[in-house]
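Read-outs throughout are calculated quantities, based only on the coordinates presented, and are distinct from any laboratory measurement. In this text the structure is predicted, and so the values were computed from the model without any measurement. With ideal geometry, Cβ positions are generated from the backbone for all residues, glycine too; neighbour counts draw on all protein chains shown.
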Amino acid sequence: MDQILSHLDENGRARMVDVAAKPVQTRIATASGLIRLQPRTVELIRDNLIKKGDVLTIAEIAGIQAAKKTSELIPLCHPLALTQVQVRADLKDDGVHIEATAKCLGQTGVEMEALTAVNIGLLTVYDMCKAVDKSMEISQIRLLKKIKEDY
């Protein structure tokens, strides 16, 4: 089955999709990911002893900021007026798990905003812990759900 790529024009050139004819709907997307850390790094985060500060809170704030800038980072994404972004960074025995939910009223989905929030949240953890942990691994980044409902 041939699949038409919506971000290519009839000549195969990249384009931003025109969503003007689509109805305004409530759009919600949730994504998650994990950064694996050494047990000592987890302990330092738990005890708030990472020199750069409160790792979990800063990662959450970074994720929110990133979601708001998604269209500046990913060329063919539409700029969206987000109505809500929630980012939750949870310390686990083997690392930090981040889950992000983005919401808007619009004509296109917010999955890229949720995924961007997760990625930047995880990269923030990496940046804050790189002096003490040389074996960090970011993984399991995925879209958990995507919802669109009539407004």
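Before moving on, here are some points about what is shown:
- Given (1) crowded, with 18+ Cβ neighbours inside 10 Å; (2) farther than 22 Å from Ala20 by Cα, number of the condition Gly109 does not satisfy: (2)
- Residues of segment 56-75 that are among the β-branched types (Val, Ile, Thr) and in contact with a Ser or Thr (Cβ under 8 Å, 6 or more places away or on another chain): Ile58, Thr70, Ile74.
- Residue in segment 82-98 that is out of contact with any Cys (no Cβ under 9 Å at 6 or more places or on another chain), free of Cβ contacts under 8 Å to residues at least 24 places away in the same chain and loosely packed, with under 15 Cβ neighbours inside 10 Å present: no
- Ala66 passes every criterion in (1) in contact with a His (Cβ under 7 Å, 6 or more places away or on another chain); (2) free of Cβ contacts under 8 Å to residues at least 60 places away in the same chain apart from (1).
- Ala20 vs. criteria crowded, with 17+ Cβ neighbours inside 10 Å, among the small types (Gly, Ala, Ser) and touching a residue at least 24 places away in the same chain (Cβ under 8 Å): no
- The set of residues in segment 56-72 being over 12 Å from the mean Cα position of the chain (by Cα) and either surrounded by fewer than 17 Cβ atoms within 10 Å (Cβ to Cβ) or within 12 Å of Ile120 (Cα to Cα) (or both) consists of Thr57, Ile58, Ser71, Glu72.
- Per the conditions (1) buried (at least 18 other Cβ atoms within 10 Å of the Cβ); (2) assigned to a loop (DSSP other than H, G, I, E, B); (3) of a type outside the set (Lys, Arg), the sole criterion not satisfied by Val132 is (1).
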